[in-house]
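What follows draws every value from the coordinates through simple rules; no lab data is involved. From a predicted model like this one, the values you see are computed outputs, not experimental measurements. With ideal geometry, Cβ positions are generated from the backbone for all residues, glycine too; neighbour counts draw on all protein chains shown.
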Amino acid sequence: MVGWLLLSNLAWAQPARIKVSFVQPQRPVGRAMHDAFSNDPNRGLQTLMDVVSNEFKLPRNLDVIFAETGEINCWYNPSKHHVVMTYDFMEFIIKDAVQNKSTEAEAIQYATGAILFTLMHEMSHALIGEMDIPVVGREEDAADEFATMILLDAGPQGHEILGSAADWFGVMARNQKDMAFWDEHSLDQQRLFNILLLMYGHSPDTYGTIVSQVVPRNRMAKALHEYKTKEHRWNKLLIPYTRGN
Ligand SMILES: [Zn+2]
């Protein structure tokens, strides 16, 4: 009896974690990605999710499942408490990278950035849903912004992902035939500039030159102030949900 009590107490005291798992796919491209992820000696995806687990007070464990589903999509399911990243979506991104980039190195960077930004975007939906963060306004914009703020604080690798994600939205915008004004997401052009202006607001010295080629000076000036306000508001909003409080 005492043993059971001790065990249940220990289980209760364990902080909730995000666990990454990989379901064996059927198609060859999916299988190649599956092998690369599951044999990764650095367990990179799990390490990234550990950083998120360590930062936030999740109320329960959350799964990130890489699987083949036949859908070119990724999503957070609030009733199942999981994020699904499909190999089908990743195959689509890799084909897109090969079509739009001239070298293999560029294609790998582009595809990696697009996939990891999407993972962080879905993870942001999951954090908002699991912790019941009271986001107002458009949740798709909030998920992009939350993901971008986390990646901006994650050092050079986070910045590299954001650069590639901005590039990906730019490519999608150029290839877009109809503008889906009814969509719950902002337009790809807007998603591109939202990321770029947050990057500039976070590190004006690093990104000033490149951003000044595509954004008017008066908008850039506003973006500096905007970043500080957003950082303050996210930090204040997240106080009850972050560890160490
Ligand atoms: Zn979304």
Long-range HN-HN contacts of Val64 with modeled amide H, under 5 Å: Lys19, Val20, Ser21, Val83
Per-residue HN-Hα couplings for region 166-179, Karplus 6.51 cos²θ - 1.76 cosθ + 1.60 at θ = phi - 60°, whole Hz, x for Gly and Pro? 4, 4, 4, 5, x, 5, 4, 4, 5, 8, 6, 8, 10, 8
Among rounded, prolate and oblate, which fits region 102-221 when a ≥ b ≥ c are the square roots of the eigenvalues of its C-alpha gyration tensor, a/c under 1.5 means rounded, and a/b larger than b/c means prolate? rounded
Mind counting lysine pairs for me in the chain? Cα separation below 25 Å, and the two need to be 8 or more apart along the chain or on different chains. 11
Quick one: Karplus J couplings for region 110-119, per residue in order, coefficients 6.51, -1.76, 1.60, θ = phi - 60°, nearest Hz, x for Gly and Pro? 5, 5, 4, x, 5, 5, 6, 5, 4, 4
Exposed-site-free run, longest, the chain (rule: GluC sites (Glu not before Pro); DSSP loop; at most 13 other C-beta within 10 Å): 72-183
How large is ³J(HN,Hα) for each residue in region 93-100, as worked out from phi by the Karplus curve 6.51 cos²θ - 1.76 cosθ + 1.60 (θ = phi - 60°), to whole Hz, x for Gly and Pro? 5, 5, 4, 4, 5, 5, 5, 9
CD proxy, 222 nm, the chain: helix-only mean residue ellipticity via -39,500 (n - 2.57) per DSSP H run with n ≥ 4, per residue, nearest 500, stands at -21000 deg cm²/dmol
Arrange the following residues from fewest to most other Cβ atoms within 10 Å of their Cβ: Asp35, Asp50. Asp35, Asp50
Cα gyration tensor shape for the chain, rounded if a/c is under 1.5, else prolate or oblate: oblate
